[in-house]
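A.B. asks: Before I ask anything, let me first share the structure, which is written out below as structure tokens.
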Amino acid sequence: MIKYIGKRVILAAFTIFLVATITFFLMNLVPGGPFISEKSISAQAQAALKAKYGLDQPLIVQYKNYMVNAVQGDFGLSLKQRGRTVAEIISSKFPVSAKLGGLSVLLALLIGIPLGSIAAMNRGKWIDQVIIVIATCGIAFPSFVICTVGLYLFGVYLGWLPTMGLTTPIHYILPVFALSFYPMAYITRLMRSSMLDVIGQDYMRTARAKGLSQFVSLFKHALRNAILPVVTYVGPMLAYTLTGSLIVEKIFVIPGLGGQFVSSIINRDYTVIMGTTIFLATLIIVMNTLVDIAYKLIDPRIQLN
Amino acid sequence: MNEYLVDVRNERLSFFTPAGEVKALNDVSLFVRQGEVLGIVGESGSGKSVTAYSLMGLTAHPGRLVGGDLYFNGHHINEMKERDMRKMRGNEVSIIFQDPMTSLNPVYTIGNQIVEVILLHTDKNRQQAHERARELLQLVGINEPDKRLKQYPHELSGGMRQRVMIAIALACEPKLLLADEPTTALDVTIQAQILELMMDLKKKLGMSIIIITHDLGVVAGMCDRIAVMYAGKVVECGTTDEIFYHPSHEYTKGLLQSIPNLNEREHKRLVPIEGMPVDMLNPPKGCPFAPRCGSCMKICLKQMPDYTQLSDTHYSACWLLDKAKFESQGDVQA
Amino acid sequence: MSEKNPISFQLTVDDFLPASDAEKQNLVQMRPSVGFWKDAMRRLLKNKVAMVSLVVILVIMVFSFLIPGIYPYKYEQQIQGSEFLQPMVYSPQEQARIDAGEKVFPHILGTDNMGRDYAIRVMMGSRISLLVGLIASAIILVIGSVFGSVAGFFGGWLDLIMMRIVDIIYTVPDILLIVLISFSIKKPLENLAETQGFQWLQILGPNLISIFLVFALLYWVGMARIVRSQVLTLKQNEYVTAARALGASNGRIIRKHLLTNCIGTLIVTTTLQIPSAIFTESFLSFLGLGVAVPLPSLGSLASDGLNGLNTYPYLLLAPALLICLIILSFNLFGDGLRDAFDPKMKS
């Protein structure tokens with residue numbers, strides 16, 4: 001176990017390093033810099049600013065400096081939001097995104113798992129057909145369509161729900177639902193096919209032959225096996241909800257990390273771009289590792305290596 | 001009212017597939033007495049497993065009983081409610097499946113899976129059930145039962161798992177044990193051990209066994225009586241000696257010729273049964289074995305023969321037997 | 001021989017004569033064996049949902065690629081005084097022309113804020129979306145299948161290294177990188193397009209190219225994994241061992257055994273990649289990182305439509321619903337293909 005975690009940490013560190021490197025050189029590929037757009041500043045002042053943040057040095061030196069600082073946990077100051085550190089910006093925006101993403105993941109699991117199971121148990125009946133149609137649509141409809149149509153329908157046309165911000169619980173309804181729609185549909189499909197697979201397994205026949213009721217054999221014997229593919233999907237799903245909230249944040253005007261990331265790219269706020277990328281990559285990799293460990297707890301056959 | 005523990009009368013069972021009705025069982029009649037071992041022999045698709053599952057009410061979707069009567073231990077299976085059927089399963093009648101690799105749930109410990117069935121059918125508390133599970137493992141010849149109870153199926157060998165399956169099946173001392181090809185998936189050396197164990201336990205516990213197999217070698221040593229099935233029908237049924245020494249159906253003869261005999265001095269060639277099994281979607285009108293039968297007659301293609309009683313315990317459905325009768329009658333008339 | 005009543009069945013000597021082989025054969029009706037392609041096609045044609053989806057896809061293709069050529073309006077054409085027309089409504093100028101006896105083609109979906117006919121813009125938008133889907137899938141198919149089959153076929157340390165690369169790309173948060181890549185290569189590509197010899201880049205537009213690049217860099221990993229695992233299992237099949245034992249060359253084994261058995265999976269995976277590419281393109285366009293103005297894509301149309309949502313909901317709904325329809329049809333058709341080619345492969 002310790003060896004496994006050690007291995008994962010090394011691989012994760014390598015991946016994060018790679019992501020950071022790619023990001024660093026990619027963002028510097030774009031001509032212009034963070035201060036060019038500010039016409040009010042003189043060329044002299046610009047040069048001074050560049051020198052202050054070390055942007056006047058050769059790229060490779062900048063890269064080395066950044067990496068050395070980052071390893072020590074210093075992600076620097078924002079280039080555009082004067083006086084705020086990158087860590088401050090992330091820690092103020094991330095809770096918003098995390099709450100939104102966490103609720104969406106929870107909703108997706110709480111609805112997707114039962115829905116998929118119900119469909120599998122009623123294979124071929126009308127209820128199965130209805131669930132399949134919903135799930136198929138959920139996968140086919142891009143999140144911006146769900147968001148905008150939901151916004152129009154419930155926010156504008158019916159006027160039932162607020163259309164922007166995240167100030168009260170009722171504000172969460174539309175964004176959370178919009179964000180969870182795709183993973184919910186995906187989990188439903190996943191759960192249905194894996195449940196169908198499990199129901200056909202020999203050990204389910206054994207369970208019935210023991211005289212267990214339908215309910216117990218499904219809950220005890222089928223569910224734990226059928227849920228395994230869903231557990232595998234939780235990692236990518238977290239990544240999706242954390243980064244996929246770009247759209248939701250834009251449409252519902254929510255001050256989250258996704259919107260921050262996009263605006264920092266547009267503004268060439270190099271340090272914020274780097275900080276956010278590294279932070280999110282780390283988060284996703286850590287989540288994936290946790291998911292793998294959870295998988296091991298559910299399925300004793302899995303050997304971590 | 002019934003001297004038999006199991007009495008199957010004219011069972012018909014079909015699978016209603018999208019492609020059409022597959023008549024898996026076509027007029028099957030069988031019986032098993034208390035403490036008796038019946039072997040059901042036949043090739044894949046002959047309906048032997050389907051017969052056994054229907055006794056437990058375990059017929060898989062889209063299969064359905066369409067005719068006949070099934071009696072077990074005084075229950076009329078046809079009319080039983082699912083609730084009562086559940087009380088019977090694992091308690092009065094148990095089953096061991098072909099593949100021990102997949103028949104145990106991979107995510108629960110052996111102990112959990114044995115205790116489960118004990119708790120379900122007895123008044124024992126968890127502690128007592130655990131104790132009983134230990135006993136059972138010892139009974140089926142598994143050493144270090146305490147350690148094994150905590151292990152998961154994938155940590156045990158195939159033979160070991162089949163022993164666990166037997167332990168689960170015997171947990172509530174059933175009156176009838178169904179063994180569906182219990183040794184097919186195992187190594188030859190393990191096969192013998194498992195069969196020996198089953199016979200041993202039968203003597204200790206006095207239950208009846210129906211053993212389903214395509215391997216005549218398995219039934220030879222174990223069974224009191226043998227039913228030979230082909231294409232959803234029992235084509236011949238008799239005591240083990242009758243089947244082995246006086247086979248009367250051409251299919252049974254074919255089966256016996258296709259197994260090697262080590263006692264045979266000279267090298268006799270094994271005779272395979274030519275051809276393919278019939279298409280169960282549109283079974284032929286006559287005897288299902290007719291297309292593959294070496295002694296097929298015109299009548300065989302037109303109509304299914306009735307059973308000919310050869311002795312008190314031995315009957316067979318083959319036109320050749322009727323032909324013999326017909327000719328002898330003809331002789332009398334002439 | 002007369003018809004026999006089974007109840008009063010009378011046996012005759014004739015009945016006990018041996019039956020001829022021909023008579024026996026009559027009873028055994030073997031179903032004719034069908035080839036792989038024929039069988040798959042038969043299953044596909046029987047799948048109603050898939051066939052309906054195919055028809056929808058074809059209709060959308062006709063509307064995106066053929067109709068714009070004969071349509072009376074152009075997608076970048078701004079009609080004076082026709083801003084923000086409701087569907088099927090004429091501007092005062094147009095009304096005057098109609099009154100004068102001229103024929104004016106109606107604005108089926110109205111017009112946008114610059115007086116451009118919205119129907120043609122939606123059609124052009126779906127043309128762009130479809131093109132992106134098809135070309136991106138082709139790129140993914142080529143890169144993914146070559147990478148995957150090389151890794152799977154040769155195995156060993158090569159496989160190990162190649163799959164580590166795939167693993168790393170897999171764990172990278174893709175949407176972040178997509179945004180970053182498409183944003184950063186936009187400018188360099190624009191510069192490149194202005195230099196001699198690279199003018200052709202201009203025709204496609206640097207944004208489209210950067211989208212393709214994103215797919216080429218990131219999205220092939222799924223395909224590579226699938227192909228590799230297919231090749232690995234196929235390689236171990238007895239018939240491959242048998243072919244090798246009979247002295248077949250590597251090339252022959254790849255062509256005759258691996259490729260023919262992979263092809264179903266390749267077709268299915270590629271088809272299912274098309275909607276996912278369209279999905280991503282619309283996502284990027286919606287964020288303003290997609291195709292360049294005045295070229296519309298369904299995503300950018302929807303994004304623009306969002307601004308006037310309260311008054312002109314159809315400007316949002318038309319492209320949004322069309323993109324749903326396109327992705328849905330491709331998904332359902334892909335599912336149908338999968339069921340037809342490989343009934344066992346379900347995910």
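A.B. asks: Can you check what the net charge comes to around B:Val115, using other residues whose Cβ is under 15 Å from the Cβ of B:Val115 (Lys, Arg +1; Asp, Glu -1)? Please report the intermediate quantities before stating the final value.
C.D. replies: Values: positive: A:Lys210, A:Lys220, B:Lys124, B:Arg126, B:Arg132, B:Arg134, B:Arg148, B:Lys150; negative: B:Glu116, B:Asp123, B:Glu131, B:Glu135, B:Asp146.
With Lys, Arg at +1 and Asp, Glu at -1, the net is +3.
A.B. asks: Below 8 Å between Cα atoms, with a sequence gap of 6+, how large is the relative contact order for chain B in percent? All intermediate terms of the calculation are to be shown ahead of the outcome.
C.D. replies: Numbers: 586 pairs, mean separation 64.8, N = 334.
Reported as a whole number, the value is 19 percent.
A.B. asks: Something else: Taking the alpha-carbon distance from B:Lys147 and a cut-off under 15 Å, which aspartates and glutamates remain once sequence neighbours fewer than 8 residues away in the same chain are dropped?
C.D. replies: B:Glu131, B:Glu135, B:Glu155
A.B. asks: DSSP loop (so not H, G, I, E, B), at most 13 other Cβ within 10 Å: list which chymotrypsin sites (Phe, Trp or Tyr not before Pro) in the stretch C:105-161 pass both filters.
C.D. replies: none
A.B. asks: With an 8 Å Cα cut-off and a minimum separation of 6 or more residues, compute the relative contact order for the stretch B:104-173 in percent.
C.D. replies: Reported as a whole number, the value is 47 percent.
A.B. asks: Give me a single rounded figure for B:286-297: the average over its residues of other chain Cβ atoms within 10 Å of their Cβ.
C.D. replies: 3
A.B. asks: Still on this structure, please answer the following. Near the amide H of B:Gly68, under 5 Å away, which other amide H atoms are found, from residues 5 or more places off or on another chain, if H is placed in the peptide plane?
C.D. replies: Sorted by chain and number, the residues that satisfy this are B:Arg12.
A.B. asks: Right, here's the next one. Run the simple label-point estimate for B:His246 and B:Asp27 please: 7 Å along Cα→C-beta, distance reported in nm.
C.D. replies: Going by the 7 Å Cα→Cβ label model, 2.4 nm.
A.B. asks: Let's test the formula: R0 of 45 Å, r as the Cβ-Cβ distance of C:Ile165 and A:Lys220. What FRET efficiency results, to the nearest 0.05?
C.D. replies: Computed FRET efficiency for C:Ile165 and A:Lys220: 0.60.
A.B. asks: All other residues with a Cβ under 13 Å from the Cβ of B:Pro247 taken together, and with Lys, Arg as +1 and Asp, Glu as -1, what is their net charge?
C.D. replies: The answer is -3.
A.B. asks: Same structure again: If amide H atoms are built 1.01 Å from N in the plane of the peptide, which residues on other chains or at least 5 residues away come under 5 Å of the amide H of B:Tyr230?
C.D. replies: Hits under the 5 Å cutoff: B:Val235.
A.B. asks: Under 21 Å Cα-Cα from C:Lys46, which lysines qualify once same-chain neighbours fewer than 8 residues away are excluded?
C.D. replies: A:Lys125, C:Lys38, C:Lys344, C:Lys346
A.B. asks: Provide a whole-number value for the mean count of partner chain Cβ atoms within 10 Å of the Cβ atoms in peptide B:169-179. Could the numbers behind the result be given before it?
C.D. replies: Numbers: counts 3, 0, 1, 2, 0, 0, 0, 0, 0, 1, 0.
Across B:169-179, the average partner-chain Cβ count within 10 Å equals 1.
A.B. asks: List the lysines whose Cα lies under 21 Å from the Cα of B:Lys298, skipping any in the same chain that are fewer than 8 positions away.
C.D. replies: B:Lys233, B:Lys253, B:Lys285, B:Lys323, B:Lys325, C:Lys4, C:Lys24
A.B. asks: Roughly how crowded by other chains is peptide A:134-144, in terms of the mean Cβ count from those chains within 10 Å of each of its Cβ atoms? List each step's numbers first, then the result.
C.D. replies: Numbers: counts 0, 0, 5, 4, 0, 6, 13, 8, 15, 4, 12.
Mean number of neighbouring Cβ atoms from other chains: 6.
A.B. asks: Go through the stretch C:250-258 residue by residue and turn each phi into a ³J(HN,Hα) via Karplus (6.51, -1.76, 1.60, θ = phi - 60°); whole Hz please, and just put x for glycine and proline.
C.D. replies: 3, x, 5, 5, 4, 5, 7, 10, 6
A.B. asks: Take each of the peptides A:252-265, B:205-218, B:166-179, average the number of other beta-carbon atoms within 10 Å over its residues, and list them starting from the highest. Show your work: numbers first, answer last.
C.D. replies: Numbers: A:252-265: 22.0, B:205-218: 20.4, B:166-179: 23.8.
For the peptides A:252-265, B:205-218, B:166-179, the packing ranking is B:166-179, A:252-265, B:205-218.
A.B. asks: For the residue pair B:Phe16 and B:His154, what label-to-label distance in nm results when each label sits 7 Å from Cα along the Cα-to-beta-carbon direction?
C.D. replies: Each label point lies 7 Å from its Cα, and together they span 4.0 nm.
A.B. asks: List every residue whose amide H lies under 5 Å from the amide H of B:Ile211, counting only residues 5 or more places away in sequence or on a different chain, with H placed 1.01 Å from N in the peptide plane.
C.D. replies: It is B:Leu38, B:Gly39, B:Ile40, B:Ala179, by chain and number.
A.B. asks: Within a 10 angstrom radius of the beta carbon, how do A:Ser245, A:Ser78, C:Ser20 rank from fewest other beta carbons to most?
C.D. replies: Sorted ascending by nearby Cβ count, the order is C:Ser20, A:Ser78, A:Ser245.
A.B. asks: Which ³J(HN,Hα) values, rounded to whole Hz and listed in residue order, are derived for the stretch B:203-218 from phi using the Karplus coefficients 6.51, -1.76 and 1.60 in 6.51 cos²θ - 1.76 cosθ + 1.60 with θ = phi - 60°, glycine and proline given as x?
C.D. replies: Those phi angles translate into 5, 5, 9, x, 8, 8, 10, 10, 10, 9, 7, 10, 9, 4, x, 5 Hz.
A.B. asks: Quick one: 3J(HN,Hα) in Hz for the stretch B:124-136, Karplus 6.51/-1.76/1.60 with θ = phi - 60°, rounded, Gly and Pro as x.
C.D. replies: Using θ = phi - 60°, the values come out as 5, 8, 4, 4, 5, 4, 5, 4, 4, 4, 4, 4, 4 Hz.
A.B. asks: If you don't mind, another one. Among A:Leu212, A:Leu228, which comes first, second and so on when ranked by fewest other beta-carbon atoms within 10 Å?
C.D. replies: A:Leu228, A:Leu212
A.B. asks: Ranking B:Lys302, B:Lys233 by Cβ neighbours within 10 Å, fewest first, what do you get?
C.D. replies: Ranking B:Lys302, B:Lys233 by Cβ neighbours within 10 Å, fewest first, gives B:Lys302, B:Lys233.
A.B. asks: Using a Förster distance of 25 angstrom, determine the FRET efficiency expected from the C-beta separation of A:Leu297 and A:Ile118, and round it to 0.05. Show your work: numbers first, answer last.
C.D. replies: Values: r = 26 Å, r/R0 = 1.03.
With R0 = 25 Å, the Cβ-Cβ based efficiency is 0.45.
A.B. asks: I want the antiparallel fraction of DSSP beta bridges within the protein assembly as shown, as a percent rounded to 5.
C.D. replies: On the way: 34 of 53 bridges.
Restricted to the protein assembly as shown, the bridges split so that about 65 percent are antiparallel.
A.B. asks: Where does the protein assembly as shown land at 222 nm, in deg cm²/dmol rounded to the nearest 500, when only DSSP H runs of n ≥ 4 count, each adding -39500 (n - 2.57), divided by all residues?
C.D. replies: Calculated mean residue ellipticity at 222 nm is -18000 deg cm²/dmol.
A.B. asks: Let me ask another. What FRET efficiency do you get for A:Lys64 and C:Leu232 if R0 is 41 Å and r is their Cβ-Cβ distance, rounded to the nearest 0.05?
C.D. replies: 0.50
A.B. asks: Go through B:Leu156, B:Val117, B:Ala133 and say which Cα lies farthest out towards the positive end of the charge dipole of the stretch B:104-173; charges sit on Cβ, +1 for Lys and Arg, -1 for Asp and Glu.
C.D. replies: It is B:Leu156, whose Cα lies furthest towards the positive end.
A.B. asks: For the stretch B:34-98, rounded, prolate or oblate, judged on the Cα gyration tensor with a ≥ b ≥ c (square roots of eigenvalues), a/c < 1.5 rounded, else prolate if a/b > b/c? If you can, show how the numbers build up before the last one.
C.D. replies: Numbers: a/c = 1.58, a/b = 1.20, b/c = 1.31.
Judged from the Cα gyration tensor, the stretch B:34-98 comes out oblate (a/c at least 1.5, b/c at or above a/b).
A short reminder: the numbers here are calculations on the coordinates, not readings from a lab. Not measured: the values here are computed from a predicted model. A quick note on method: Cβ atoms are made from the backbone with ideal geometry, for glycine too, and the neighbour counts reach across all protein chains shown.
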